[in-house]
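Okay, structure first, notes after.
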Amino acid sequence: MAKPARPRAPRAAKPAATKASPATTGGAAIPVIVETATIAGEEDAVFALRSLQQAHANNRRYDASDAELLHFYEQMVLIRRFEERAGQLYGLGLIGGFCHLYIGQEAVAVGVQSALKAGHDSVITGYRDHGHMLAYGIDPRLIMAELTGRAAGISRGKGGSMHMFSTDHKFFGGHGIVGAQVPLGAGLAFGHKYRDDGGVCVAYFGDGAANQGQVYETFNMAALWKLPILFVVENNGYAMGTAVKRGSAETHFYRRGTGFRIPGMDVNGMDVLEVRQATEVALDFIRAGNGPVLMELNTYRYRGHSMSDPAKYRSREEVQDMRDNHDPIEAARQELLKRGVTEERMKDIDKKIRQVVAEAADFAENSPEPAMPELYTDVLVGTY
Ligand SMILES: Cc1ncc(C[n+]2csc(CCOP(=O)(O)OP(=O)(O)O)c2C)c(N)n1
């Protein structure tokens, strides 16, 4: 059974360039080249690749005000309660097709997207998309109505859980083809650069998707053209039932851009303040015209891959350990308590969120299904 390895302990920053160091095998000293920096200019390149990780290591956590941390807490609670309710509606047969819950990963979407300019910067992700939409301020009623296939849904009930979209919010899906959102994200980033609008695209993908060839073709082009794109690997430990170690030769996903001169950052995705801080470092670099950044966010999904997954590939103890010891919402709650925010204040937030989610579910259940002529709309691509 796979050992729970997330979130990984922060690794110590390495020096920018190191000399040959001796190692021994059977007593004989042999030189091991750890890193070379012999070509003119290479040293700078090596430094650039590591500089963001070093900047992040020096200052890991965002200095949030109490109000900001409360807001992050509220958003994470909203995602969790929303997802729990979606799971119940799925069980009742009110949600059809696939449904992938985001429970456990809330700090990622909230930490990253709180640093973006909503409606200006673009976001694109895979099929586990409800949390990213909520984190971008999209009305929970419209998301729930989409999940239940109703006309009032954000994609008029025709997209469902995996294919939601809102150009108004610059949220570009919701994609069921693993990894497909990565080259599409480069296209969105190209659009920002072409229009010179100062926007950045965040393209999220999973540890499983990170093994797709199209990801690396995209890395090459994005780096070559210095596209304003933040690649975010949400390493939740599993691609369906395959643990990272079973499916990936390089399990440190933040290193995967090195061959394309894309700086990488290794981030604890269970700490919303660490995620936010790392995102700011990355965005500063990207917005200054330096091209893409790759962030690995180490996180964990508590529920099965989708609602139909009994999750037999891992132990209950592993999941329980993550829930008990690394939960992003509980961590934020504890931090707020330490700052003197009262239990009552947080209970009020919890109560308010339960109400918001209950209203979203009622709205979804009471909305009509799309009319038949809707089958013929949104078939061709328009201008965005
Ligand atoms: C091109 C393609 N291959 C396979 C699948 C089937 N599939 C759906 S999800 C998934 C696992 C992806 O895992 P990961 O990228 O780690 O994302 P996570 O589900 O953990 O968020 C696979 C193989 C698919 N949808 N598309």
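All of the numbers you see were taken from the coordinates with simple rules; none came from a lab. All figures in this text were calculated on a predicted structure; none of them were measured in a lab. Don't worry about glycine lacking a Cβ; one is built from the backbone with ideal geometry, like all the others, and counts go over all protein chains shown.
What does the C-alpha gyration tensor say about the overall shape of segment 192-339? Classify as rounded when a/c is under 1.5, otherwise prolate if a/b is larger than b/c, or oblate. Oblate shape, in that a/c is at least 1.5 and b/c is the bigger or equal ratio. The charge dipole of the chain, taken about its Cα centre with unit charges on the Cβ atoms of Lys, Arg (+1), Asp and Glu (-1) only, comes to about 700 debye. Scaling against 2.2 N^0.38 Å puts the C-alpha radius of gyration of segment 291-384 at 1.69. Considering segment 74-369 at the alpha-carbon level, its Rg and Dmax are found to be 18.4, 52 Å. Under 5 Å from the amide H of ILE95 lie the amide H atoms of TYR90, each residue being 5 or more positions distant or on a separate chain, with H modelled from the backbone and absent for Pro and chain starts.
In terms of the mean number of neighbouring beta-carbon atoms within 10 Å, the peptides 67-73, 111-117, 310-316, 101-107 order highest first as 101-107, 111-117, 67-73, 310-316. Inter-part distance, segment 192-257 to segment 294-322, computed on C-alpha centroids, equals 20 Å. Amide H contacts for ASN236 (H built 1.01 Å from N in the peptide plane; partners 5 or more residues away or on another chain; cut-off under 5 Å): ASP207, THR299. Evaluating 6.51 cos²θ - 1.76 cosθ + 1.60 at θ = phi - 60° for every residue in segment 102-116, the Karplus couplings come out as 9, 4, x, 9, 4, 5, 5, 4, 5, x, 5, 6, 5, 8, 8 Hz, glycine and proline recorded as x. Relative to the longest principal axis of the Cα atoms of the chain, the long axis of helix 66-91 makes an angle of roughly 60 degrees. Calculated mean residue ellipticity at 222 nm for the chain: -13000 deg cm²/dmol, from DSSP H runs with n ≥ 4 weighted as -39500 (n - 2.57), summed, divided by the residue count and rounded to 500. Amide H contacts for MET265 (H built 1.01 Å from N in the peptide plane; partners 5 or more residues away or on another chain; cut-off under 5 Å): LEU294, MET295, GLU296. Rounded to the nearest 10 degrees, what's the angle between the helix 328-338 long axis and the longest principal axis of the chain, both from Cα atoms, 0 to 90? Roughly 90 degrees between the two axes. Coupling constants for segment 182-195 follow from the phi torsions by the Karplus curve (6.51 cos²θ - 1.76 cosθ + 1.60, θ = phi - 60°), and in residue order they are 6, x, 4, x, 5, x, 5, 5, 4, x, 4, 5, 4, 7 Hz; glycine and proline get x. With a cut-off of 8 Å between alpha carbons and a minimum separation of six or more residues, what is the relative contact order of the chain in percent? Relative CO of the chain lands at 23 percent. Along its principal axes, segment 88-236 has C-alpha extents of 49, 31, 26 angstrom, given from the largest down.
Within the shell defined by Cβ-Cβ distances under 10 Å, the residues around VAL110 carry a net charge of -1, with Lys and Arg each +1 and Asp and Glu each -1.
Peptides 216-222, 123-129, 255-261, 241-247 ordered by packing proxy, namely the average of other Cβ atoms within 10 Å per residue, highest first: 123-129, 216-222, 255-261, 241-247. Among the lysines of the chain, pairs that are 8 or more positions apart or on different chains and have alpha carbons within less than 17 Å of each other number 8. Of the beta bridges in segment 74-369, as assigned by DSSP with both residues counted there, near 10 percent are antiparallel.
With everything on Cα atoms, drop me the angle between helix 316-326 and the longest principal axis of the chain, reported from 0 to 90° to the nearest 10. Helix 316-326 sits roughly 80 degrees off the main axis of the chain. The string of couplings for segment 117-126 from the Karplus curve (6.51, -1.76, 1.60, θ = phi - 60°) is 9, 4, x, 10, 7, 9, 10, 9, 8, x Hz, one whole number per residue in order, with x for Gly and Pro.
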